[in-house]
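Everything below concerns the one structure shown next.
The values are calculated or read from the model by the stated rules, or taken from the named source; none is laboratory data. Everything quoted here is computed from the prediction, not taken from an experiment. A quick note on method: Cβ atoms are made from the backbone with ideal geometry, for glycine too, and the neighbour counts reach across all protein chains shown.
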Amino acid sequence: MSFTVAIVGRPNVGKSTLFNRLVGKKLALVDDTPGVTRDRRPGDAKLIDLRFTIIDTAGLEEAGPETLEGRMRAQTEAAIDEADLSLFVVDAKFGLTPVDQTLGEMLRRRGKPVVLVANKSEARGSDGGFYDAFTLGLGDPVPISAEHGQGMIDLRDAIVEAIGPEMAFGDDDDEAETDVDLRDHERDGDEDEDEDFEPAYDDSKPLRVAIVGRPNAGKSTLINRFLGEDRLLTGPEAGITRDSISVEWDWRGRTIKMFDTAGMRRKARVQEKLEKLSVADALRAIRFAETVVIVFDATIPFEKQDLQIVDLVLREGRAAVLAFNKWDLVEDPQALLAELREKTERLLPQARGIRAVPISGQTGYGLDKLMQNIIDTDMVWNKRISTARLNRWLDTVQVQHPPPAVSGRRLKLKYMTQVKARPPAFMISCTRPDSVPESYLRYLTNGLRADFAMPGVPIRIHLRASENPFENKRKKR
């Protein structure tokens, strides 16, 4: 990307709508409620022939530094300092306010290029607000409609004029990685053709990790500790995070793309439209991620909602790791650790062997161990087992515990192969697949976990009827 642009303005002037328009996807949450955006969200923008990094920011408000609004303001100011250019968005329909005047003064003091954008200019009666924008002393305002896409050519020309053609076009990277559509991303592996082929784990690929959990479990604090900076908005208030924000960093030479998500409460308690949008964004991040870290509050672990979140992650087929946060607040760590291990085995039988790590996002305790467990779990999630080994194993487990007889006829499991990884899925050719009891499938699943070292990841077994070569002859008779 050749340059970075920050979108700034007071609340509810259409910054996130403009952000979505420039990135070409509905990445940022948009609602009529002021103050929806709280963290700064980066994205790869395209405007006619321009390619640049765009940063959506929270609406600026006058507040003390210790308040939530004050911490949001600090995040916005950090985005302005990071950017090469600021798009100062005002509401042409509503007109200027004292907050707009204050923000204009702040941008002028920083001395960086600013493009004044008069949004909602398509509305009736917006001429007054458009002409008022001239009084800010930041140049001619650009009339646009972020909702309808009007005025984008004029906005492009204003950006080029503000930063100069050399910066605007000088360092285009045609092979730059674009934002991945969460809904269209292909995650399934290809079927192995060689029965003895077991591909090695590729530790050079970037790893996508989603951080999920109940509100106020410490998810944003955990990511900030990984990054070593206050990148995400944190505080004692529950439910601060709304958007699923992605950040990138390197751990031992490997790129980690981590997604911070909104806290997920019980479905019955989620009533407001904005919270429903936040939870839907968190669910989309889970489906997009490869490994999901479920953050528990170690002072009140294994709430019903914690178990439901783990079950949701496993049903989605993601690799899961448990993180017991706030370990620095625990009085008797050894006794609690033994209790948590017992509860994990008892309350999560569908994820036998799931990795669980005590951590503290506040102090940094256990974070290296957590990352190592994330990598180890991802290796298991990507694991492939050769068909030859699977069939030798299938013969052995049937000798140890034969399939039950149904209606006086013994079930026969004839052939087994792995059809995909991510998560591991197996196909077994057998007689009368509809008659195989669930208890025997659990026996096979637990055997796969134990004999092929696949703890803690979802394992799927599909049954299909074996082909009968004499079936057509019987029909002819």
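Determine which member of the set Asp44, Asp31 is among the acidic types (Asp, Glu) and in a loop (DSSP other than H, G, I, E, B).
After applying the criteria, what remains is Asp31.
Please indicate, with yes or no, whether at least one residue in the stretch 282-303 is within 18 Å of the chain's Cα centre (by Cα), more than 27 Å from Arg341 (Cβ to Cβ) and of a type in the set (Phe, Trp, Tyr).
yes
From Arg110, Arg156, which residue is closer than 14 Å to Leu22 by Cβ and among the basic types (Lys, Arg)?
Going through Arg110, Arg156 in turn, the sole match is Arg156.
Just to verify a result, which residue in the stretch 1-28, among those that are modelled with pLDDT of 80 or more, in a loop (DSSP other than H, G, I, E, B) and farther than 19 Å from Ala92 by Cα, is farthest from the chain's Cα centre (by Cα)?
Phe3
Give, as residue ranges, the helices (runs of 4 or more DSSP H) completely inside the stretch 67-137 that count at least 2 residues that are loosely packed, with under 14 Cβ neighbours inside 10 Å and under 34 Å from the mean Cα position of the chain (by Cα). Break it down stepwise before answering.
Working: elements: 68-82, 98-110, 127-132.
Output list reads 68-82.
Output the number of the condition that Ile375 fails; it satisfies all remaining conditions of (1) more than 22 Å from the chain's Cα centre (by Cα); (2) in a helix (DSSP H, G or I).
(1) is the only condition that Ile375 fails.
Hey, could you check the stretch 263-283 for residues that are under 22 Å from Leu322 (Cβ atoms) and touching a residue at least 40 places away in the same chain (Cβ under 8 Å) and say which is surrounded by the fewest Cβ atoms within 10 Å (Cβ to Cβ)?
Among them, the one singled out is Arg266.
Could you give me the residue pairs with C-beta distances under 9 Å whose first residue belongs to the stretch 312-326 and is farther than 17 Å from Gly218 by Cα, whose second residue is among the hydroxyl-bearing types (Ser, Thr, Tyr) wherever it lies, and which are 6+ apart or on separate chains?
Once the first residue is farther than 17 Å from Gly218 by Cα and sits in the stretch 312-326, its partners that are among the hydroxyl-bearing types (Ser, Thr, Tyr) give Arg318/Thr291; Ala319/Thr291; Ala319/Thr377; Ala320/Thr291; Ala320/Thr377.
Looking at (1) of a type in the set (A, V, I, L, M, F, W, C); (2) surrounded by 17 or more Cβ atoms within 10 Å (Cβ to Cβ); (3) over 26 Å from the mean Cα position of the chain (by Cα), which is the only condition Ala351 fails?
Just one mismatch for Ala351, condition (3).
What residue, of Ala421, Ala453, is closer than 20 Å to Ser386 by Cα, loosely packed, with under 15 Cβ neighbours inside 10 Å, in contact (Cβ under 8 Å) with a residue 60 or more places away in the chain and outside the structural domain of Glu316 (by TED's automatic domain parsing)?
Ala453
May I ask you to say which residue of Ser435, Ser407, Ser429, Ser386 is under 30 Å from Leu207 (Cβ atoms) and surrounded by fewer than 18 Cβ atoms within 10 Å (Cβ to Cβ)?
On inspection, the qualifying residue turns out to be Ser386.
Please work out which one of (1) crowded, with 18+ Cβ neighbours inside 10 Å; (2) modelled with pLDDT of 75 or more is the condition Asp230 fails and give its number.
(1)
Since Asp328 meets every condition but one in (1) out of contact with any Lys or Arg (no Cβ under 9 Å at 6 or more places or on another chain); (2) in a helix (DSSP H, G or I); (3) under 22 Å from Val380 (Cβ atoms), which condition does it not meet?
(3)
So which of Val90, Val36 ends up being in contact (Cβ under 8 Å) with a residue 12 or more places away in the chain, in contact with a strand residue (DSSP E or B) (Cβ under 7 Å, 6 or more places away or on another chain) and closer than 25 Å to Phe130 by Cα?
Val90
In this structure, does Val36 turn out to be crowded, with 22+ Cβ neighbours inside 10 Å and in contact with a Leu (Cβ under 7 Å, 6 or more places away or on another chain)?
no
Collect the residues in the stretch 72-108 that are closer than 19 Å to Val36 by Cα, at pLDDT 90 or above and not aliphatic (A, V, I, L, M), keeping them in residue-number order.
Matches in the stretch 72-108: Phe88, Asp91.
Determine which single condition Asp202 fails, assuming it passes every other condition in (1) acidic (Asp, Glu); (2) surrounded by 12 or more Cβ atoms within 10 Å (Cβ to Cβ); (3) in a loop (DSSP other than H, G, I, E, B); (4) at pLDDT 75 or above.
(2)
Show the residue pairs meeting these rules: Cβ distance below 7 Å; 6+ apart or different chains; first residue within the stretch 358-382 and assigned by TED's automatic domain parsing to the domain that holds Val321 and closer than 23 Å to Leu233 by Cβ; second residue charged (D, E, K, R) and outside any loop (DSSP other than H, G, I, E, B).
Ser360/Asp328; Gly361/Arg225; Gln362/Asp328; Thr363/Asp328; Gly364/Arg225; Tyr365/Asp328; Leu367/Arg225
Please work out if Ile300 is on the phi < 0 side of the Ramachandran plot and touching a residue at least 24 places away in the same chain (Cβ under 8 Å).
On the way: on the phi < 0 side of the Ramachandran plot: yes; touching a residue at least 24 places away in the same chain (Cβ under 8 Å): no.
So Ile300 does not fit the description; no.
Checking the structure you have, find out if any residue of the stretch 265-281 is aliphatic (A, V, I, L, M) and at pLDDT 90 or above.
Within the stretch 265-281 (the criterion being aliphatic (A, V, I, L, M) and at pLDDT 90 or above), the answer is no, since none of the residues qualifies.
Residues in the stretch 442-455: is at least one modelled with pLDDT of 90 or more and more than 30 Å from Ile375 (Cα to Cα)? Before the answer, list the steps.
Just the residues of the stretch 442-455 that are modelled with pLDDT of 90 or more, to begin with: 442-455.
Okay, now just the ones that are also more than 30 Å from Ile375 (Cα to Cα), so none.
There is no residue in the stretch 442-455 that is modelled with pLDDT of 90 or more and more than 30 Å from Ile375 (Cα to Cα).
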